[in-house]
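A.B. asks: Attaching a single structure in structure tokens format; questions to follow.
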Amino acid sequence: MKANEIKKGMVVGIDGNRYVAKDVQVKSPSSRGANTLYKIRFNNVVTKQKYENTYKGDDTFDEVEFLRKSVQMIYKETDSATFMDNEDFTQYTIDNGVIEDELSFLVDGLEGMYALIADGELLAIELPASVDLAIVDCAPSIKGASASARTKPATLSTGLVVQVPEYIASDEVVKVNTSNGKFMSRA
């Protein structure tokens, strides 16, 4: 697998260890003939240690054998989250530190996710493109506010704070993009 094919959540092998890609930044060259660089932040699957490096697009990584299964979020605890395989109902638990970027989008019963599993161990999860979350706290809605008007911060049920249009009120459910954490629409 090449560096230019790596996406957030993918699992690769580096020096015999398995790493989950947590963040991928593409740096375009400023001069002709220069290579596009990929700055990738990984977490070691076993030790949870962070590893960051910059690669050229044609740098290669070792393939890691894993299963990609459809799962549902069952519940979150203070230090871990538990998911259930939608086909055989096997339960998998993962430390919150491994999925810290995804935690603010996870609610009990959330479906549409995929789990990356190797050797019976949950390595990472892939979130759906968007999730529906309830607003628990925001400023009162303003009647007559247009959709393109100013925004206000709203705290969602998971603790995530997003900017929403002024016409949105507390206790409404909104659709949030999981790749950038931004408000999309009412649910």
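The values are calculated or read from the model by the stated rules, or taken from the named source; none is laboratory data. Source: prediction; values computed, not measured. All Cβ positions, even for glycine, are placed from backbone atoms using ideal geometry, and neighbour counts span all protein chains on display.
A.B. asks: Which one of the conditions (1) surrounded by 12 or more Cβ atoms within 10 Å (Cβ to Cβ); (2) within 30 Å of Lys2 (Cα to Cα); (3) touching a helix residue (DSSP H, G or I) at 6+ places or on another chain (Cβ under 8 Å) does Thr60 fail to meet, given that it meets all the rest?
C.D. replies: Unmet for Thr60, out of (1) surrounded by 12 or more Cβ atoms within 10 Å (Cβ to Cβ); (2) within 30 Å of Lys2 (Cα to Cα); (3) touching a helix residue (DSSP H, G or I) at 6+ places or on another chain (Cβ under 8 Å): (1).
A.B. asks: Which residue is farthest from the chain's Cα centre (by Cα), if the candidates are limited to segment 174-187 and must be over 16 Å from Gly112 (Cβ atoms) and among the hydrophobic types (A, V, I, L, M, F, W, C)?
C.D. replies: To start, the set of residues in segment 174-187 that are over 16 Å from Gly112 (Cβ atoms) comprises 174, 180-183, 185-186.
Applying the additional criterion that residues be among the hydrophobic types (A, V, I, L, M, F, W, C) yields 174, 183.
Values: Val174: 18, Phe183: 15 Å.
Per the criteria, the residue is Val174.
A.B. asks: Let me ask you something else. Among the residues of segment 50-68, is any β-branched (Val, Ile, Thr), in contact (Cβ under 8 Å) with a residue 12 or more places away in the chain, closer than 30 Å to Leu156 by Cα and in a strand (DSSP E or B)?
C.D. replies: Applying the first criterion (β-branched (Val, Ile, Thr)) to segment 50-68 yields 54, 60, 64.
Now narrow it down to the ones that are in contact (Cβ under 8 Å) with a residue 12 or more places away in the chain: 54, 60, 64.
Going one step further and asking which of them are closer than 30 Å to Leu156 by Cα, we end up with none.
Taking every residue of segment 50-68 in turn, none turns out to be β-branched (Val, Ile, Thr), in contact (Cβ under 8 Å) with a residue 12 or more places away in the chain, closer than 30 Å to Leu156 by Cα and in a strand (DSSP E or B).
A.B. asks: Sort through Asp101, Asp88 and tell me the only one that's free of Cβ contacts under 8 Å to residues at least 12 places away in the same chain, of a type outside the set (Val, Ile, Thr) and part of a loop (DSSP other than H, G, I, E, B).
C.D. replies: On the way: Asp101 fails: free of Cβ contacts under 8 Å to residues at least 12 places away in the same chain.
Answer to the check: Asp88.
A.B. asks: Pick out the one residue from Thr78, Thr82 that is loosely packed, with under 11 Cβ neighbours inside 10 Å and among the polar types (S, T, N, Q). Reasoning before the result, please.
C.D. replies: Details: Thr82 fails: loosely packed, with under 11 Cβ neighbours inside 10 Å.
Going through Thr78, Thr82 in turn, just one is loosely packed, with under 11 Cβ neighbours inside 10 Å and among the polar types (S, T, N, Q): Thr78.
A.B. asks: Oh, and also: Against the conditions (1) within 16 Å of Glu65 (Cα to Cα); (2) surrounded by fewer than 12 Cβ atoms within 10 Å (Cβ to Cβ); (3) touching a strand residue (DSSP E or B) at 6+ places or on another chain (Cβ under 8 Å), where does Asp15 fall short? Just the number, please.
C.D. replies: The number of the failed condition is (3).
A.B. asks: Given the residues Gly109, Gly181, which is the only one that is within 30 Å of Gly13 (Cα to Cα) and touching a strand residue (DSSP E or B) at 6+ places or on another chain (Cβ under 8 Å)? Working first, answer last.
C.D. replies: Values: Gly109 fails: within 30 Å of Gly13 (Cα to Cα).
Result of the check over Gly109, Gly181: Gly181.
A.B. asks: Of (1) modelled with pLDDT of 85 or more; (2) loosely packed, with under 14 Cβ neighbours inside 10 Å, Ala149 satisfies all except one. Which?
C.D. replies: With respect to (1) modelled with pLDDT of 85 or more; (2) loosely packed, with under 14 Cβ neighbours inside 10 Å, Ala149 is out only on (1).
A.B. asks: Select from segment 1-28 the residues that are of a type in the set (Gly, Ala, Ser) and in a strand (DSSP E or B) and write down the one among them that is farthest from Val46 (Cα to Cα).
C.D. replies: Of all residues in segment 1-28, those of a type in the set (Gly, Ala, Ser) come to 3, 9, 13, 16, 21, 28.
Narrowing the set further to residues that are in a strand (DSSP E or B) leaves 13, 21.
On the way: Gly13: 12, Ala21: 14 Å.
Looking at the filtered set, the residue picked out is Ala21.
A.B. asks: Okay, moving on. Of the residues Ala81, Ala115, Ala124, which is outside any loop (DSSP other than H, G, I, E, B), at pLDDT below 85 and small (Gly, Ala, Ser)? Walk me through it before giving the result.
C.D. replies: Values: Ala81 fails: at pLDDT below 85; Ala115 fails: at pLDDT below 85.
Residue meeting the stated conditions: Ala124.
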